[in-house]
1. As an exercise: evaluate Leu241 against (1) assigned to a loop (DSSP other than H, G, I, E, B); (2) more than 25 Å from Arg68 (Cβ to Cβ); (3) among the aliphatic types (A, V, I, L, M) and give the number of the one condition it does not meet.
2. One residue is enough: does segment 57-79 have a residue meeting the conditions within 23 Å of Arg236 (Cβ to Cβ) and among the basic types (Lys, Arg)?
3. Can you name the strands (runs of 3 or more DSSP E) wholly within segment 1-106 that have at least 2 residues being buried (at least 20 other Cβ atoms within 10 Å of the Cβ) and in contact with a Cys (Cβ under 9 Å, 6 or more places away or on another chain)?
4. Going through Asn189, Asn125 one at a time, which residue ends up being part of a helix (DSSP H, G or I) and of a type in the set (S, T, N, Q)?
5. Determine whether segment 204-216 contains at least one residue that is in contact with a helix residue (DSSP H, G or I) (Cβ under 9 Å, 6 or more places away or on another chain), buried (at least 21 other Cβ atoms within 10 Å of the Cβ) and over 20 Å from Arg16 (Cα atoms).
6. Of the residues Arg237, Arg198, which single one is crowded, with 17+ Cβ neighbours inside 10 Å and charged (D, E, K, R)?
7. Of the conditions (1) loosely packed, with under 15 Cβ neighbours inside 10 Å; (2) within 25 Å of His230 (Cβ to Cβ); (3) touching a helix residue (DSSP H, G or I) at 6+ places or on another chain (Cβ under 7 Å), Gly138 clears all except one; give me its number.
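Nothing in this text is a laboratory measurement; each read-out follows from the coordinates by a stated rule. All values derive from a computational prediction rather than experimental measurement. Because the Cβ atoms are built from the backbone with ideal geometry, glycine has one as well, and the counts that use them run over all protein chains shown.
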Amino acid sequence: MNTPWNPAVLVIGRDRLFYSGLAGNSKKPRKLGNFKLYFATDTPFEIDAGQGWQDAQAALVRPYQTHRLLAPSGHIHEIGLEPESLSDTAQAQLTALFATPQGCATLAKRVRERHRRLPHLLPQNGLSTAAFDRLFLGQELAPRPMDERIRQVLQLMCDEVEDSTVAAEDYASEIGLSPSRFLYLFKLNTGVPFRSMRMWKRARRFLDHANSQRSLTDVALELGYPDSSHFSHSIRRTFGLKPRSIRQGSKHLKVYPGANYTLAPQIWAG
């Protein structure tokens, strides 16, 4: 069980993510590429998703929706769900979970209870996507139907770090489509434009290195950023924090990879 002085944990899979730890009380805008579910660890947090600051025990933010967050306790629970993994029905289910204050309170209570028992609830080979949903949400969310060619490209983008910078033209050629047809089918099948998806997947991979001992310059180059300045700007725009701030707040982060996820090679801080 985590102690109050070391609550930081990250469960990360290809389609799902659970994080508990420092919230980063900078009030800086963040723009994440997944559905983000926030839950208070004890006292309510504050969130501004375009309608002014509001107190909340739980909140749902849609992909690429700019928002700001402030947790007076300093800590937060977060769940991240990749939009291309969720059918329209599943997205409606997700919205329904947050439709009422009672629903938010019930889900927040469940997430806090799961966090307290997490080391005892995780299988040795990691959580599958379906098992993750059952554990934290109490129900499985149906996957999004997808053209097999687009699924192939997504697997490369999500699983291979070096493929997070591959151009659309190259992917199109690989699966036998024109660039324009590929971009159209990609958006149709995933609900997200190709360029936005590629940028998000690259930034998301930085979480693999949150508590690594490797230099941020080396990490930036491995992830395909042209230089440290571009890397820092992209991470800050996505997560609302500079890479160095994320690294400083993740010294004691315990990482559990999902059943369908391979962490990027690195030297761990312990």
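1. (2)
2. The answer is yes; a qualifying residue exists.
3. Values: elements: 9-12, 16-22, 35-40, 45-48, 54-56, 58-61, 68-70, 75-81.
Hits in segment 1-106: 58-61.
4. Working: Asn125 fails: part of a helix (DSSP H, G or I).
Of the residues listed, the single one that is part of a helix (DSSP H, G or I) and of a type in the set (S, T, N, Q) is Asn189.
5. Checking segment 204-216: at least one residue is in contact with a helix residue (DSSP H, G or I) (Cβ under 9 Å, 6 or more places away or on another chain), buried (at least 21 other Cβ atoms within 10 Å of the Cβ) and over 20 Å from Arg16 (Cα atoms).
6. Values: Arg237 fails: crowded, with 17+ Cβ neighbours inside 10 Å.
Only one candidate passes the filter, namely Arg198.
7. (2)
Yes/no matrix, rows are residues, columns are (1) touching a residue at least 40 places away in the same chain (Cβ under 8 Å); (2) within 22 Å of the chain's Cα centre (by Cα); (3) in a loop (DSSP other than H, G, I, E, B):
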{"site": "Ala172", "(1), (2), (3)": "no, no, no"}
{"site": "Arg181", "(1), (2), (3)": "no, no, no"}
{"site": "Arg195", "(1), (2), (3)": "no, yes, no"}
{"site": "Lys201", "(1), (2), (3)": "yes, yes, no"}
{"site": "Arg237", "(1), (2), (3)": "yes, yes, no"}
